[in-house]
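Working notes, structure below.
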Ligand SMILES: [Zn+2]
């Protein structure tokens with residue numbers, strides 16, 4: 001099944017929701033970054049959340065989510081646009097943690113409970129907007145719900161789940177975000193909470209073949225759900241050799257001269273997608289001439 005995200009509303013416009021299956025794109029991200037299971041789960045959850053947050057945007061707007069905890073994973077970062085393209089990385093992909101519960105990955109300890117969650121939205125204005133909150137648990141879904149409550153005053157239920165096989169393959173991944181808009185009545189919140197509490201874990205539902213439509217349907221079936229959009233989603237990074245050429249040129253004449261003298265070549269790796277770009281001596285000399293002419 002292909003990955004996709006849906007955008008829905010319910011309860012006469014007092015509820016909005018997003019649901020996504022991301023098994024393939026999380027697999028792709030984990031393969032690129034060669035992540036171990038706990039890192040795969042953390043990265044998968046952040047990618048899934050970020051792409052749903054991207055679906056809240058318009059046009060060329062961008063959202064970047066950064067979790068900076070004090071755990072061994074280091075930073076977990078993802079960035080998405082409104083077109084269903086998401087990319088991301090985890091600083092220490094080979095982190096392994098022991099879990100108190102067999103079969104469960106301890107994402108909270110790997111991320112760390114002390115730290116910050118930053119959400120940056122680039123809406124094409126002069127300055128991007130950043131909202132930051134302290135981490136609640138490092139489990140990511142809870143941290144995002146807290147972000148929405150505190151930073152955007154939007155009560156939200158967030159579920160994110162990644163199921164990893166013993167061979168490190170991602171078996172199932174996905175999530176949902178349900179938000180109450182300002183006109184929502186109190187009893188709606190209570191009923192929604194009940195519906196959500198009665199759900200099996202999200203990764204299990206996806207594993208069993210449930211879709212964003214059926215999962216959101218279970219939560220919103222008493223509130224007349226309308227599906228507005230279905231967006232195909234993928235792991236996609238806009239990096240390219242020519243973009244990295246500009247990075248090299250911006251290092252300046254001296255740096256480039258040293259690089260040519262010492263190594264005679266350069267290998268640059270994109271943080272976000274782990275793609276490698278190689279530059280040979282001729283190419284570096286051309287970039288040096290460009291840097292020198294600036
Ligand atoms: Zn890239």
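The values are calculated or read from the model by the stated rules, or taken from the named source; none is laboratory data. Since the model is a prediction, treat every value here as computed from it, not as a measurement. For neighbour counting, all protein chains shown are included, and Cβ atoms are generated from backbone atoms with ideal geometry for every residue, glycine included.
Filtered by the rule that a residue be closer than 20 Å to residue 64 by Cβ and under 16 Å from the mean Cα position of the chain (by Cα), segment 143-161 gives 143, 144, 145, 147, 148, 158, 160.
Residues in segment 228-247 that are over 15 Å from the mean Cα position of the chain (by Cα), touching a residue at least 40 places away in the same chain (Cβ under 8 Å) and surrounded by 17 or more Cβ atoms within 10 Å (Cβ to Cβ): 231, 245.
With respect to residue 280, is the statement that it is touching a strand residue (DSSP E or B) at 6+ places or on another chain (Cβ under 9 Å) and exposed (fewer than 15 other Cβ atoms within 10 Å of the Cβ) true?
Working: touching a strand residue (DSSP E or B) at 6+ places or on another chain (Cβ under 9 Å): yes; exposed (fewer than 15 other Cβ atoms within 10 Å of the Cβ): yes.
When the stated conditions are applied, residue 280 passes them.
Applying the criterion of being touching a residue at least 40 places away in the same chain (Cβ under 8 Å), away from the ligand (no atom under 16 Å from the Cβ) and farther than 17 Å from residue 61 by Cβ to the residues of segment 77-98, the residue that is surrounded by the most Cβ atoms within 10 Å (Cβ to Cβ) is 95.
Residue 224: more than 16 Å from the ligand (Cβ to nearest atom) and in contact with a strand residue (DSSP E or B) (Cβ under 8 Å, 6 or more places away or on another chain), yes or no? Spelling it out, residue 224 is indeed more than 16 Å from the ligand (Cβ to nearest atom) and in contact with a strand residue (DSSP E or B) (Cβ under 8 Å, 6 or more places away or on another chain). For segment 248-294, a residue qualifies if it is within 12 Å of the ligand (Cβ to nearest atom) and either more than 33 Å from the chain's Cα centre (by Cα) or on the phi < 0 side of the Ramachandran plot (or both), and the qualifying residues are 268, 269, 270, 271, 272, 273, 275, 276, 277.
Yes or no: residue 187 away from the ligand (no atom under 16 Å from the Cβ) and under 20 Å from residue 14 (Cβ atoms)? Working first, answer last.
Values: away from the ligand (no atom under 16 Å from the Cβ): yes; under 20 Å from residue 14 (Cβ atoms): yes.
It is true that residue 187 is away from the ligand (no atom under 16 Å from the Cβ) and under 20 Å from residue 14 (Cβ atoms).
Cβ separations smaller than 8 Å between residues 6+ apart or across chains give the following pairs from segment 264-276 residues that are touching a residue at least 24 places away in the same chain (Cβ under 8 Å) to residues that are assigned to a strand (DSSP E or B) and near the ligand (Cβ under 7 Å from one of its atoms): 272/87; 273/87.
So is residue 233 under 30 Å from residue 77 (Cβ atoms) and more than 16 Å from the ligand (Cβ to nearest atom) or not?
Numbers: under 30 Å from residue 77 (Cβ atoms): yes; more than 16 Å from the ligand (Cβ to nearest atom): yes.
When the stated conditions are applied, residue 233 passes them.
Residue under question is residue 74, and the condition is that it be at pLDDT 95 or above and surrounded by fewer than 23 Cβ atoms within 10 Å (Cβ to Cβ); does it hold? When the stated conditions are applied, residue 74 passes them.
Of all residues in segment 81-107, exactly one satisfies the criterion of being more than 16 Å from the chain's Cα centre (by Cα) and within 22 Å of residue 52 (Cβ to Cβ), namely 105.
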